[in-house]
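See structure below.
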Amino acid sequence: MGVENIRAALKGELAYDDAKRGRRVTIQPSATVIWNRVRGLHLSQAACCPGGEITSASLFDLALNHP
């Protein structure tokens, strides 16, 4: 979910309704480059592979972040 929010923010698609101020708040599209660090090799990611196999969390994060 975090990666999706970063991408939406950079594309100018991330917004929320500010009830206190009575307006919709958006982030303007940006040419900013975001570097997102993957988790360490020592961590595992479960429930992502068929049959419930476990994979490396860092490889999972890297594959998730690839455009």
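The values are calculated or read from the model by the stated rules, or taken from the named source; none is laboratory data. Keep in mind it's a predicted model, so treat the numbers as computed, not measured. Virtual Cβ from ideal backbone geometry, glycine too; neighbours counted across all protein chains shown. All accessible areas refer to the heavy atoms of the entire protein, side chains included, with ligands and DNA or RNA removed. Shrake-Rupley method; radii C 1.70, N 1.55, O 1.52, S 1.80 Å.
I'm trying to understand the selection: among the residues of region 56-67, which are more than 12 Å from the chain's Cα centre (by Cα) and open to solvent by 90 Å² or more (accessible area, probe 1.4 Å)?
Leu59
Among what's in region 44-55 and is open to solvent by 70 Å² or more (accessible area, probe 1.4 Å) and of a type outside the set (Gly, Ala, Ser), pick the residue that is nearest to the chain's Cα centre (by Cα).
Ile54
Give region 28-67 a look and list any residue that's polar (S, T, N, Q), in a helix (DSSP H, G or I) and within 15 Å of Ile6 (Cβ to Cβ), or say none.
Applying the first criterion (polar (S, T, N, Q)) to region 28-67 yields 28, 30, 32, 36, 44-45, 55-56, 58, 65.
With in a helix (DSSP H, G or I) added as a condition, the list becomes 58, 65.
Answer for region 28-67, where residues must be polar (S, T, N, Q), in a helix (DSSP H, G or I) and within 15 Å of Ile6 (Cβ to Cβ): just Asn65.
List pairs: first in region 16-27 and assigned to a strand (DSSP E or B), second of a type in the set (A, V, I, L, M, F, W, C) and surrounded by 10 or more Cβ atoms within 10 Å (Cβ to Cβ), Cβ under 8 Å, 6+ apart or cross-chain?
These pairs meet every condition: Tyr16/Val25; Asp17/Val25; Asp18/Val25; Arg24/Ala15; Val25/Ala15; Thr26/Leu14; Thr26/Ala15.
Yes or no: Val38 at pLDDT 85 or above and either out of contact with any Pro (no Cβ under 9 Å at 6 or more places or on another chain) or not acidic (Asp, Glu) (or both)?
no
Condition check ((1) under 21 Å from Leu59 (Cα atoms); (2) more than 15 Å from the chain's Cα centre (by Cα); (3) open to solvent by 90 Å² or more (accessible area, probe 1.4 Å)) across all residues:
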site	(1), (2), (3)
Glu4	yes, no, yes
Lys11	no, no, yes
Asp17	no, yes, yes
Lys20	no, yes, yes
Gln28	no, yes, yes
Ala31	no, yes, yes
Asn36	yes, no, no
His42	yes, yes, yes
